[in-house]
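In what follows, a structure is listed as structure tokens, so that the remarks can point back to it.
The values are calculated or read from the model by the stated rules, or taken from the named source; none is laboratory data. None of these values were measured; they are calculated from a predicted model. Virtual Cβ from ideal backbone geometry, glycine too; neighbours counted across all protein chains shown.
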Amino acid sequence: MIDAIDVERYLRFDRRSWAELRAQTPLTLHEKDLEALRGINDRIDLEEVVAIYLPLTRLLNLYVSATQSLHRVAATFLGTISPKMPYVIGIAGSVAVGKSTSARILQALLTRWPEHPRVELITTDGFLYPNAVLESRGIMNRKGFPESYDTKRLVQFLRELKAGKPDVSAPVYSHVEYDIVQGDSQVVHQPDILIVEGLNVLQVGSDSTEFVSDYFDFSIYIDAVEGDIENWYIERFLALRQTVFSNPDSFFTHFAHLTDEEAVQVARGIWREINGKNLSANIAPTRTRASLVMQKDANHRVTEVHLRKL
């Protein structure tokens, strides 16, 4: 949760008071739409979309419109035609906290606003170093930690995007192969909004003068008690045995036939040796850099929203 020392920097809303900020924002998703957006083992429903995501998309729409107006004013002052500059939203948080589902829901809702119909989504998984590089550096067991990402390439991607380059390419990651897909790329073509989702997107390091978050116009951190996130990770691991792990091409196919007890032991070990350590050392310390923090309870319901004061 937000540390007491940071309360002065954030406006705090409980679930009910945040939901009231929806105003007249219409619900443009249906249950069938939501089914396609849910992640594995995610329990999000339309009531959550109405209470949490509609107020958030209303806020973001206002911010995007204000930023677009500012760009037009600056161009008028300079007597130039400024290149189309996308509004960039970063979404950070732990493994298994629900970042991907939140990103997909925001993309779907924001696309339905007429002011910004082109909304693209990328994940920072594509900017992980290939497994061969991680193995050569002896950090395969630290995949997801800051040093496992080609951060310079990610920053270059965002720099080109913000500069108005028509087409910018991002690498593609396969969760089945657990590796970068060689020769494949995701091309982003001048979107109105770009959502960047990843573990360490709010990270700052001592060896660089330029950070990923420098290119964000707005950032979201999804938070929860670590014990709850660990449980969600274990639940997801159990569910993956019937889906991704059962694919014969999966990097993790050897996990597919574990018993429930064996799978829980393996998942708990992975959490405590890798994901939990990454959360406490690298991810959680960045949450107070976010523009907005969503606090979840044990049922994946957002109970509080903290909005950074302007």
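Figure legend. Inter-residue proximity from region 9-24: first residues in contact (Cβ under 8 Å) with a residue 40 or more places away in the chain and assigned to a helix (DSSP H, G or I), second residues surrounded by 12 or more Cβ atoms within 10 Å (Cβ to Cβ) and among the β-branched types (Val, Ile, Thr), beta-carbon distance below 7 Å, spacing 6+ or different chains. Indicated pairs: Arg15/Val302; Arg15/Thr303; Trp18/Ile52; Trp18/Val305. So for region 189-205 (the condition being assigned to a helix (DSSP H, G or I) and touching a residue at least 12 places away in the same chain (Cβ under 8 Å)), does at least one residue qualify? Checked region 189-205: no residue is assigned to a helix (DSSP H, G or I) and touching a residue at least 12 places away in the same chain (Cβ under 8 Å). Each residue in region 22-43 was checked for being modelled with pLDDT of 90 or more and touching a Lys or Arg at 6+ places or on another chain (Cβ under 7 Å), and 5 of them qualify. If you go through region 127-152 and keep only what is assigned to a loop (DSSP other than H, G, I, E, B) and among the hydroxyl-bearing types (Ser, Thr, Tyr), you end up with just Tyr129.
Summed over region 153-181, residues that are assigned to a helix (DSSP H, G or I) and either in contact with a His (Cβ under 8 Å, 6 or more places away or on another chain) or surrounded by fewer than 17 Cβ atoms within 10 Å (Cβ to Cβ) (or both) total 4. For Asn247, the stated conditions do not hold, so it cannot be described as more than 17 Å from Glu235 (Cα to Cα) and in contact with a Gly (Cβ under 6 Å, 6 or more places away or on another chain). May I ask you to say which residue of Ser185, Ser219, Ser169 is touching a residue at least 12 places away in the same chain (Cβ under 8 Å), hydroxyl-bearing (Ser, Thr, Tyr) and within 19 Å of Ile91 (Cβ to Cβ)? Going through Ser185, Ser219, Ser169 in turn, just one is touching a residue at least 12 places away in the same chain (Cβ under 8 Å), hydroxyl-bearing (Ser, Thr, Tyr) and within 19 Å of Ile91 (Cβ to Cβ): Ser219. From the list His300, His254, His306, the one residue that fits, being in a helix (DSSP H, G or I) and not hydrophobic (A, V, I, L, M, F, W, C), is His254. On the given criteria, is Asp150 touching a His at 6+ places or on another chain (Cβ under 9 Å) and modelled with pLDDT of 95 or more? No.
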